[in-house]
Amino acid sequence: MPTKPEAARAPRRAEHDETLLSIRDLRVHYALRGSSLARLFGRDVGTVKAVDGIDLEIAKGEVLGLVGESGSGKSTLGRAVLGLAPITGGSIAYEERRIETMSGRALREVRRNLQMVFQDPSAALNPAMDIETAVGHPLRIHRLARGDELRRRVVDALERVGLSPADQFLTKYPGELSGGQKQRAVIARAIILDPVLLIADEPISMLDMSVRSKLLQLMLDLKADLDLTYVYITHDLASAKFFCDRVAIMYLGRVVEIGTTEEIFADPKHPYTQSLVGAIPDLDPDRSTPRDLPRGEIPDAASPPLGCAFHPRCPQAFDKCGWESRDLRVLLESHWTTVPEAEYDAERAIIGDVDALDLPDHVAALPAGRGHSGGDVERVLDTIHAADPDEPFWRGVRQRRVVDAGVGIDFHEGEDPALRPAGGVQVACHLYPPPGDAAGPPPQPKE
Amino acid sequence: MAVMRRVLAPFRETVGFSRWMLLAGIVIVAFFVVLAVGAEWIAPYGYAQKSADGVDFPKLAEPGGDHLLGTDRLFFDVWSRVVWGARTALEVIVLAVAGSMILGLALGLVSGYVGGWFDRILVLVMDALYAFPPLLLAIVFGFLLADKIGAGVVSAALSLTVVYLPQYFRVVRNSTISARESTYVEAARALGAPGRTVITRYLFGNVIHSVPVIGTLNAADALGTLAALGFLGLGIQPTDGADWGFDLSRALDDASSGIWWTGVFSGAAIVLLITGLTLVGEGLNETINPVLRKKRLQKIRREETIR
Amino acid sequence: MSTTGQDVLSVRDLRVWYGTERGAARAVDGVSFDLRPGEILGLVGESGCGKTTLGRGLLGLLPRGAFVDGDVTFKGKPMPAVASKEYRALRGAELGMIFQEPMTRLNPLMRISEHFEETVRAHHPGVSRERVRHAALEVLRVMGIPPTRYRSYPHEFSGGMRQRLTIALALVLRPAFIVADEPTTALDVLVEAQIIKILADLRREFDTSLLLITHNLGIVSEACDRVAVMYAGRIVEIGDARQVFRSPQHPYTQELLRSTISLSTTGLSFIPGSPPDLVDPPAGCRFHPRCPHAMRVCATQAPVPLEVAGGQRVECWLHGPESQVPPGGGEPLHVREELSVADEA
Ligand SMILES: Nc1ncnc2c1ncn2[C@@H]1O[C@H](COP(=O)(O)OP(=O)(O)OP(=O)(O)O)[C@@H](O)[C@H]1O
Ligand SMILES: Nc1ncnc2c1ncn2[C@@H]1O[C@H](COP(=O)(O)OP(=O)(O)O)[C@@H](O)[C@H]1O
Ligand code: SF4
Ligand code: SF4
Ligand SMILES: [Mg+2]
Ligand SMILES: [Mg+2]
């Protein structure tokens, strides 16, 4: 069985009309566990907004991709659909049934139709349970089969996922199987109940590269045979492009862009989507070009940036994207990675405590170091500005106030962009204002 | 079956010192098991027998003759007391270890899985029990139980159960808590498994491996505590069974008058069985604990590589 | 393939075998290659083909029970015996390693400055704190870590920053050769791209040669000068990265490239079966049970390394030498062993 021809792919744009799952303003917030001392005194230790206001419709028979870096809330969203994550607000309706209100028996009943495949196949199987028991367990839990019937259905499921001859695998333990085989067993366990929707949380990311396409092919075959709907969670845009009908790009608990796969990849609109697409290394050495990567990493979800959550990394950010005090520190520090040590030492002495900048505030107070004045600080800022005048940070500065003790910077008031239609897709970015908005185009449109 | 396989798997892979420790321990413990099981046939007399065929035993007879190891000041045959003592000791230990194991396992699993206030209260109680010196705790419970059900094998076993329960509870609860967060438990919940199924089918098999090791290590400890209880007169009454600790305390007075045989043999039995149980426990620990375990590797000779 | 005096590292017929219960696992079995100064060599292959073993073997970081044989020449001098004192002196100063999980290298209780001081002083005792700081800030600058963070603890950094810290630590003594074992596998796509860019820029700032082990062929194509493809303990193809990606010559390389999912993937393709058990690898060419072009000779005789037109070195009978193929050996191999679909790594 060498390579599969391209025809093996299911028709891309089937009719997906019937809504299977509809998610409205879903929020999953986790209370942060502070030290026991903080809890004792009832101090507020903050929350992580793992999922923060997501609307999604999933149509029967489609493959919806959830794409984003780790910590963007993809898994939490998937788990919330199965009732495995605590839902703070909003609703999830599966065929009119409201999952967020269910518990106990009703929830277990619904889970017959919604199944999940996990990222780490080694962790998803009970190491102390053999494959026959593990794959057949859903049937026993729901009292759907026993004895010979149970075994027949287990064998059937194993053969369906390519674990054949099934006899060889029935008595094995997860530890005796390879990663790909374990993932196949996990999939067999998920499909044995004949589910409607399969949530696959990075099903191939822990597997060896040569096994990945085998597993994707298996999932395509199963979809065609069993009439499945998939939510495919991944951080790998390449497999999403191949596998999904629609893609939702997530960042810090929000969907920032959603649309059909064709449109998203042909013309990525959100700067985050553009960076993700740009970051995929190309196999063709002639095509690989030096890229403009966004700086930094996904911020701490416990204290997200003001305004647009992507603004500290966004190369196209402008005045109303939510500039704040913390960005000044990033600016200073990234400037200091470009200057020689002596210059750094000199500038560091002029500027006082940079920790004072670590506040989510539209006003920044940059103190002068001992023996220096606000004027000295101002001069350092001017040098930094002159060194890189295109730095988006400066677009957010409304005014600078030089006083003796240092420099105060007022930023433009930011605004959190809402998900709005733009072209054929929906985007949450100020670069795509609602029609008729006077705000006008940004100063630095993308090239 | 699955559990047995996982528990036994490391045995085949051990070598060297830990294997010898285990073997030596097993031989010693097996010797006492034989004494305990075959007491009726091995011991010439009963544990509370003072006469045979209507002839009273002599008091404090020297070893030799009819009485292999002599008799003590209660006219008992020392060798018989040693043999029957093995039965008492093993009965108490097996009961106590099994009791604390089963109870600790059940409480630990439920407490770890359910969490919340139930867990907090249990942890508090167990920690309080654990903080007590074992002997003191055993004495207190020995007293209370002796009052209620008499000072027999069962009450001794029960007081030891209470002493060792917290250890199992803590280990099982902690591994349950970490297993509860694992993906396979979440996967089980995603399949629609109710709490009972999750505990019995997904958690049980994965938290049980540490238990046998604590069991054997505790057994040695329990024997020491039992002997101490007996020594203090809180163990088994001489008419209910032979208790090495009790015999030892009786023999204390004899020692000053040059009578050595009444104490030496029960003392030696205690030391030997504790040693045996410890060896088995440590051997098991090294065998099962993957960090301590040295895998059997095949040596590669240089010539092999040049083909 | 001549050993020129200017090679940083030159490896000849290196073998690393692990003793297992079932016999010796030939994780690295006769590997030869050279590395020039400042060159980045990508090492790719499926899981279990011996990549990590090769990398660790070169640095003498093998577990107990491993057997090493072969000649490794480092900067023109034969490498000292593994585990000897001289070897330990080389490690860190001349040889470096970057691991997949950065926290394996960072001590959570030590400040970054202390990490640098410890590393530098292990090889140059008595160096002043000021000098260490100077050297450290310079590498940190290249890694994009602000000097303000020099006295922070590891947990105050994000995952990508920690990996950059470990790279900085590996570089501070300017070693001539570094092994990076899947340094970006644990990181996010954007951060991965950042790190790869840094690694690719290394040769401009430092004269360090790098053996970059990765599963991601795209990374190799972006960052590496040359690439070595490893299968079942042997390097089956090695050559200029662009050349190998443009026209792969070994069937394994071809299949590996075809089965990789990229943005231009329109159909899935995959290699049947899985890499062999290294205790008892197949006779002849180790790839023959999975090779779509397998011939009779492949099942019995191991192919010999050969330089092909594009300049890469390939081990495959398809490229000859004709003279060594027995009569009829070029016939297609019909009796291929049955490969189950799920018989995968
Ligand atoms: N300590 C060890 N003892 C015995 N065998 C080992 C040991 N370490 C690795 N092996 C075996 O050696 C072979 C090569 O392993 P290695 O880790 O080098 O592969 P790799 O190519 O780095 O794989 P991956 O891509 O999964 O990291 C495998 O078959 C592995 O099982
Ligand atoms: N059980 C939990 N308790 C607290 N925080 C959580 C929990 N699960 C997830 N989070 C947080 O929620 C955010 C989103 O996580 P997750 O959904 O796992 O993202 P992804 O799958 O996209 O990587 C992260 O900041 C993560 O730390
Ligand atoms: S709103 Fe758009 S332009 Fe502004 S920071 Fe966010 S992504 Fe960038
Ligand atoms: S030697 Fe034969 S089996 Fe091996 S890769 Fe070449 S053609 Fe395939
Ligand atoms: Mg996730
Ligand atoms: Mg490896």
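The values are calculated or read from the model by the stated rules, or taken from the named source; none is laboratory data. Nothing here was measured: the structure is a model prediction, and the numbers come from that model. Positions of Cβ are backbone-derived with ideal geometry, glycine not excepted, and every protein chain shown enters the neighbour counts. Accessible surface is based on the protein model in full, side chains and every heavy atom, while ligands, DNA and RNA are left aside. Shrake-Rupley method; radii C 1.70, N 1.55, O 1.52, S 1.80 Å.
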_So B:SER266 ticks every box in (1) among the polar types (S, T, N, Q); (2) modelled with pLDDT under 80; (3) open to solvent by less than 30 Å² (accessible area, probe 1.4 Å) but one. Which box is left unticked?_
(2)
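Any idea how many residues of the stretch A:210-235 are under 25 Å from A:ASP284 (Cα atoms) and either touching a Ser or Thr at 6+ places or on another chain (Cβ under 6 Å) or touching a residue at least 60 places away in the same chain (Cβ under 8 Å) (or both)? First the steps, then the outcome.
Initially, the stretch A:210-235 is screened for residues under 25 Å from A:ASP284 (Cα atoms), giving A:210-217, A:234-235.
Subsequent filtering for residues that are either touching a Ser or Thr at 6+ places or on another chain (Cβ under 6 Å) or touching a residue at least 60 places away in the same chain (Cβ under 8 Å) (or both) retains A:210, A:213, A:217, A:234-235.
Count: 5.
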_Checking the condition of a type in the set (Lys, Arg), open to solvent by 30 Å² or more (accessible area, probe 1.4 Å) and facing another protein chain (nearest Cβ under 10 Å), which residue from A:ARG184, A:ARG112, A:ARG153 passes?_
A:ARG112
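What do you reckon, is A:ALA106 in a helix (DSSP H, G or I), surrounded by fewer than 19 Cβ atoms within 10 Å (Cβ to Cβ), free of Cβ contacts under 8 Å to residues at least 40 places away in the same chain and small (Gly, Ala, Ser)?
On the way: in a helix (DSSP H, G or I): yes; surrounded by fewer than 19 Cβ atoms within 10 Å (Cβ to Cβ): yes; free of Cβ contacts under 8 Å to residues at least 40 places away in the same chain: yes; small (Gly, Ala, Ser): yes.
Yes, satisfied.
Taking A:ALA145 as the residue in question, decide whether it is outside any helix (DSSP H, G or I), surrounded by fewer than 18 Cβ atoms within 10 Å (Cβ to Cβ) and in the same structural domain as A:GLY253 (by TED's automatic domain parsing).
No.
Looking at B:LEU90, B:LEU69, which is the one that is open to solvent by 20 Å² or more (accessible area, probe 1.4 Å) and part of a helix (DSSP H, G or I)?
Values: B:LEU69 fails: part of a helix (DSSP H, G or I).
Selected residue: B:LEU90, the only one of B:LEU90, B:LEU69 that is open to solvent by 20 Å² or more (accessible area, probe 1.4 Å) and part of a helix (DSSP H, G or I).
For (1) open to solvent by less than 10 Å² (accessible area, probe 1.4 Å); (2) modelled with pLDDT of 95 or more; (3) under 30 Å from A:ASN113 (Cα atoms), each residue gets a yes or a no:
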| site | (1), (2), (3) |
| --- | --- |
| A:MET219 | yes, no, yes |
| A:ASP227 | no, no, yes |
| A:GLN274 | no, no, no |
| A:ILE298 | no, no, no |
| A:PRO304 | no, no, no |
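Can you tell me which residue in the stretch A:394-428 is most open to solvent (accessible area, probe 1.4 Å), limited to those that are within 19 Å of A:ARG348 (Cβ to Cβ) and of a type outside the set (Val, Ile, Thr)?
First, the residues of the stretch A:394-428 that are within 19 Å of A:ARG348 (Cβ to Cβ): A:405-407, A:409.
Okay, now just the ones that are also of a type outside the set (Val, Ile, Thr), so A:405-406.
Values: A:ALA405: 74, A:GLY406: 3 Å².
Going through the qualifying residues, I end up with A:ALA405.
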*Within the set of pairs 6 or more residues apart or between chains, which connect a residue that is in the same structural domain as A:SER70 (by TED's automatic domain parsing) inside the stretch A:267-279 to a residue that is among the β-branched types (Val, Ile, Thr) with Cβ atoms less than 6 Å apart?*
A:PRO268/A:VAL277; A:LYS269/A:VAL427; A:HIS270/A:VAL256; A:HIS270/A:VAL427; A:TYR272/A:VAL256; A:THR273/A:ILE249; A:ALA279/C:VAL189
*When residues of the stretch B:30-63 are filtered for being over 24 Å from B:ARG250 (Cα atoms) and more than 33 Å from the chain's Cα centre (by Cα), how many remain?*
2
*Can you name the residue in the stretch C:168-222 that is of a type in the set (Asp, Glu) and at the interface with chain A (Cβ under 10 Å from one of its Cβ atoms) and, of all such residues, is nearest to C:GLY96 (Cα to Cα)?*
C:GLU192
*In the stretch C:71-90, the residues that are under 17 Å from the mean Cα position of the chain (by Cα) and either among the aliphatic types (A, V, I, L, M) or modelled with pLDDT under 85 (or both)*: C:VAL72
*Looking at the stretch C:242-253, which of its residues are within 19 Å of the chain's Cα centre (by Cα) and farther than 16 Å from C:ILE219 by Cα?*
C:PRO248, C:HIS250, C:TYR252
*Residues of the stretch C:117-140 satisfying the condition of being open to solvent by 30 Å² or more (accessible area, probe 1.4 Å), under 28 Å from the mean Cα position of the chain (by Cα) and within 11 Å of another protein chain (Cβ to nearest Cβ)*: C:ALA135, C:GLU138
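Please determine, by comparing only the residues of the stretch C:246-258 that are in a helix (DSSP H, G or I) and out of contact with any Leu (no Cβ under 8 Å at 6 or more places or on another chain), which one is surrounded by the fewest Cβ atoms within 10 Å (Cβ to Cβ). Step through it out loud before you land on a result.
If we filter the stretch C:246-258 for residues that are in a helix (DSSP H, G or I), which is where we start, we get C:246, C:251-258.
Then keep just the ones that are out of contact with any Leu (no Cβ under 8 Å at 6 or more places or on another chain); that gives C:246, C:252-255, C:258.
Details: C:ARG246: 13, C:TYR252: 28, C:THR253: 26, C:GLN254: 17, C:GLU255: 22, C:ARG258: 17.
Residue satisfying both the conditions and the ranking: C:ARG246.
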*Checking A:ILE204 against (1) surrounded by fewer than 24 Cβ atoms within 10 Å (Cβ to Cβ); (2) within 11 Å of another protein chain (Cβ to nearest Cβ); (3) not in a helix (DSSP H, G or I), which single condition isn't satisfied?*
(1)
